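Only the coordinates and a few stated rules stand behind these numbers; no lab work does. Everything numeric here is computed off the predicted structure, so don't read it as measured data. Counting neighbours? That spans all protein chains shown, and the Cβs are built from the backbone with ideal geometry, glycine included.
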Amino acid sequence: MPVIGFGTWQAKDGEEAYESVKAALRVGYRHIDTAEAYHNEESVGRAIRDSGIPREEIFVTTKLTNTHLTYEDAKQAIDASLKRLGLDYVDQYLIHWPNPINARTFYKKRNAEVYRAMEEAYFAGKIRSIGVSNFHPHHLKALLKTIKVKPATNQIYVSPSDTQPKVVAFNEKHNILTVAYSPLGTGRLLGLNELNQVGTKYNKRPAQVAIRWSLEHGYLPLPKSTNASRISENFDVFDFKLSKEDIKLINSLKGKAGKAPDPDHVIW
Ligand code: A2P
């Protein structure tokens, strides 16, 4: 799994998503993260197919959205995502949220059922690996009791502003990779002085420092941008390493740029 993914949340379907994915693939990203809920799978898939890069070199992730509550729903949702993407398989398929508002009284049953459909798709070769997103330990504990194929990843909000230590520790204990969405704190981190200060030392921009911080913690960051030069900047992070002191300074930014959403209280 390529160590940096390209996030497409809020990249609008049509030219915006298409051009940004094309730009990302051009500068070297090989992992593209989308979701049914982003409403951009068609443009993302078209960009992947038009890129000229062999399909097997690109790692594509998409996600099951919250309106799918049963085994049958999930089965259809997987096929519908593949159809919109115009792909025969995705490299990873995730349950987007563990506790949808319309399943709040039966979310354990819902997750077990949709996961069963995902396992079937996995055995049929439609999805090459399975993961979850926004899961807390109690959601994972319940799910782990009912499944055959262990989730490979848990994609969660992780930035210096909120490192979700309990979730990350649970992931590590169960050998589940933490994939970090919003590694730039949805952009809010980038105005902080500390990131600028550290960046100056390495001749790097604040976003590059935040992405490097994520890599050095062993997370897999998914920076999002729709701007070609920022897309390129965010991938240019393999020629420096942060010192222990700088990592410590960045660790101290807790609470300075927002928090992870609480999956048991989201209104979707
Ligand atoms: P834009 O798409 O206009 O570049 P996150 O990945 O944490 O969700 O953050 C995404 C936000 O950060 C978007 O608003 C994006 O805006 C902005 N962003 C992404 N990369 C950079 C960068 N290198 N410099 C400044 N802002 C950035």
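A few remarks follow.
- Odd one out for E233, checked against (1) more than 10 Å from the ligand (Cβ to nearest atom); (2) surrounded by 12 or more Cβ atoms within 10 Å (Cβ to Cβ); (3) over 30 Å from N99 (Cα atoms): (1)
- Residues located in the range 229-248, provided they are in contact (Cβ under 8 Å) with a residue 24 or more places away in the chain and part of a loop (DSSP other than H, G, I, E, B): D236, V237, F240, K241, L242
- Filter result for T226 (under 29 Å from W97 (Cα atoms), among the polar types (S, T, N, Q) and part of a loop (DSSP other than H, G, I, E, B)): yes
- Hey, S225 of a type in the set (S, T, N, Q), within 30 Å of E15 (Cα to Cα), surrounded by 17 or more Cβ atoms within 10 Å (Cβ to Cβ) and within 12 Å of the ligand (Cβ to nearest atom) or not: yes
- Put simply, of H265, H217 the only residue that is away from the ligand (no atom under 14 Å from the Cβ), buried (at least 16 other Cβ atoms within 10 Å of the Cβ) and within 20 Å of Q164 (Cβ to Cβ) is H217.
- Being touching a Pro at 6+ places or on another chain (Cβ under 7 Å) and crowded, with 16+ Cβ neighbours inside 10 Å is not true of L249.
- Restricting attention to the range 65-101, the residues that are loosely packed, with under 14 Cβ neighbours inside 10 Å and within 14 Å of D264 (Cα to Cα) add up to 1.
- The set of residues in the range 180-201 being within 12 Å of the ligand (Cβ to nearest atom) and in a helix (DSSP H, G or I) consists of G185, T186, G187, R188, L189, L190, G191, L195, N196, G199.
- When S81 is tested against (1) without any contact (Cβ under 8 Å) to a residue 12 or more places away in the chain; (2) in contact with a strand residue (DSSP E or B) (Cβ under 8 Å, 6 or more places away or on another chain), just one condition goes unmet, and that condition is (1).
- Odd one out for K204, checked against (1) within 11 Å of the ligand (Cβ to nearest atom); (2) among the charged types (D, E, K, R); (3) outside any loop (DSSP other than H, G, I, E, B): (3)
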